[in-house]
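Asks: Handing you this structure, nothing more for now.
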Amino acid sequence: MKSNTKPVHPAWPAAWPALLAAALVFLTAPAFAGGASQGGAQRGSPQDGDSLSVLVYITGMLAGSPPYEMLAAGAESFAAAHQGVRVKVYEAGFNQAEWEEQLASLAASGEYDIVLGSNPSLPEICVNVGKKFPRQKFIITDARYEGNPQISTYLYNQYEQSLYLGYLAGLITVSDMAHANPAKRLGFIAAQEYPLLNNHIVPGFLAGAKLADPGITLDFRVIGNWYDANKAAELAASMIDSGVDVFAAIAGGAAQGLIKTAVDRGAYIVFHNTNEYRAAPGFILGCGLMEQKKLVEEILSDVLAGRIQYGTSRMVGAAEGYLDFIADDPGYSDYVPPEIRAKFDAFLSDIKAGRVDYTLPPL
Ligand code: RBF
């Protein structure tokens, strides 16, 4: 505009719309550009192209914990594909007593629009941290929490994954495979007890096994932490002594001890959440899959589009495509006998189609 070079007065009326638009951009854009400080202007919904700063808060360590590795990988791949999206991955370590304070000091920096985590125990921590930082938003997978306007959660239907892995374990323990014995006894090694484990994962595993044979029983043991592979190895050996021939574990890095004992002593494993066949071909006979990377990419895309609902929880399972089983791997097809695979594949199809009737226990 020519009038720009003159004193502003004469140009005012003509420039008003442009000035207003500029003022609006100025007021709303900084909410996401430059990392939105806690005391900053009201945040709007970031649009593609705006900046978004994400803290991936790992409740433990990345190494040896596939759910966490997939969480970080999903956020990082999203950032690589979207300009202006920044991701910081923070490993909080295994001392759970420190998690809340660590998260509070990260939130205090005001650097992060979103805290992204994956742990059933995180929402309670976020409630407390959120009270101190009312503008901080938290998105947590593998958890369920409703009614807090700062927190959005996504719960994998782990009862369902355990149901089909338990069914496979049940078919194997009653089979005549080389390391199967007549005891009809499965083993479950947990790092620690928590509601999702006690109410969904373990009951689902036993219920699935009993669909294969109602006489199957479960030997359940707890390590006490998420890293002690030696303790897991000892527990596994004592369980094998008591008749266990097929195991499951929710134990993070400590599961490596179970794998070693199973190979040394001759026992089978079905693995939750990730492709672990390569760690022990012929012993790890089935691997479930948690589509955490895909879910995280979708979540971040929803964040950019302003589509995230806070205060709510969404459950995702096999029918929705967020839990699966890795059947196209030689670890499964080369080692599990065809008659077991035929029964299992039919069961998995039924699960995905919603044809398996079960009651999800309360969490
Ligand atoms: N899973 C892991 O793979 N590694 C961990 O270090 C880990 N730590 C956890 C700590 C707590 C307090 C809770 C409740 C769960 C933890 N999980 C861990 C379990 C994980 O988030 C998830 O529930 C299971 O992997 C089953 O989906």
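The values are calculated or read from the model by the stated rules, or taken from the named source; none is laboratory data. Quick caveat, the model's predicted, so the values are computed rather than measured. Heads up, the Cβs are rebuilt from the backbone with ideal geometry, glycines too, and the neighbour counts pull from every protein chain shown. Heavy atoms of the whole protein, side chains included, go into the accessibility calculation; ligands, DNA and RNA do not. Shrake-Rupley method; radii C 1.70, N 1.55, O 1.52, S 1.80 Å.
Asks: Could you please tell me the mean projected area of the C-alpha convex hull for the chain, averaged over all directions and given in square nanometres to one decimal?
Replies: On the way: hull surface 85.2 nm².
Convex hull of Cα atoms, orientation-averaged projection: 21.3 nm².
Asks: For Leu363, Leu295, write out the residues from largest to smallest accessible area, computed with a 1.4 angstrom probe and no ligands counted.
Replies: Values: Leu363 70, Leu295 0 Å².
These residues rank, largest area first, as Leu363, Leu295.
Asks: Now for a different question. Cα axis of helix 338-352 to longest principal axis of the chain: angle in degrees, 0 to 90, nearest 10?
Replies: 40
Asks: As a check on your grasp of the helix formula, calculate [θ] at 222 nm for the chain: sum -39500 (n - 2.57) over DSSP H runs of n ≥ 4, divide by the residue count, round to the nearest 500. Don't jump to the answer; show the numbers that get you there.
Replies: Values: 11 runs with 137 residues, N = 363.
When only DSSP H runs of four or more count, the value is -12000 deg cm²/dmol.
Asks: I'd like the orientation of helix 292-304 relative to the chain: the angle between its Cα long axis and the longest Cα principal axis, in ° from 0 to 90, rounded to 10.
Replies: 20
Asks: Determine one quarter of the surface area of the Cα convex hull of segment 226-363, which equals its mean projected area, and express it in nm² to one decimal.
Replies: Values: hull surface 43.5 nm².
Reported value for the Cα convex hull: 10.9 nm².
Asks: While we're on this one: Could you compute the FRET efficiency for Arg86 and Ala319, with r as their C-beta to C-beta distance and R0 at 35 Å, rounded to 0.05? Don't skip to the answer; put the middle values down first.
Replies: Working: r = 34 Å, r/R0 = 0.98.
According to the calculation, E is roughly 0.55.
Asks: Under the definition of Cα pairs under 8 Å and six or more residues apart, what whole-number percent is the relative contact order of the chain? Walk me through the numbers on the way to the answer.
Replies: Values: 717 pairs, mean separation 59.7, N = 363.
Relative CO of the chain lands at 16 percent.
Asks: A further question on this structure: Please give the contour-minus-distance gain from Asp357 to Gln192: 0.36 nm per residue of separation, less the Cα-Cα distance, rounded to one decimal in nm.
Replies: Here the answer is 56.5 nm.
Asks: I've got another one for you. So what is the diffusion coefficient of segment 85-131 in µm² per second by Stokes-Einstein at 20 °C and 1.002 mPa s, using a Kirkwood Rh over Cα pairs?
Replies: 189
Asks: Carbon and sulfur together cover what percent of the accessible area of segment 198-283 at a 1.4 Å probe radius? Can you show the working numbers first?
Replies: On the way: 1630 of 3090 Å².
Accessible surface attributable to carbon and sulfur in segment 198-283 totals 53 percent.
Asks: Mind checking the per residue accessible area of segment 187-323 for me, 1.4 Å probe, whole number of Å²?
Replies: Working: 4800 Å² over 137 residues.
That works out to 35 Å² per residue.
Asks: Across 5 Å bins from the origin, how do the percents of Cα pairs in segment 187-277 run, short distances first?
Replies: Taking all Cα pairs of segment 187-277, the binned fractions are 3, 15, 27, 26, 21, 8, 1 percent.
Asks: What is the helix-to-structure angle for 66-81, meaning the angle in degrees between its Cα long axis and the longest Cα principal axis of the chain, kept from 0 to 90 and rounded to the nearest 10?
Replies: That works out to roughly 30 degrees.
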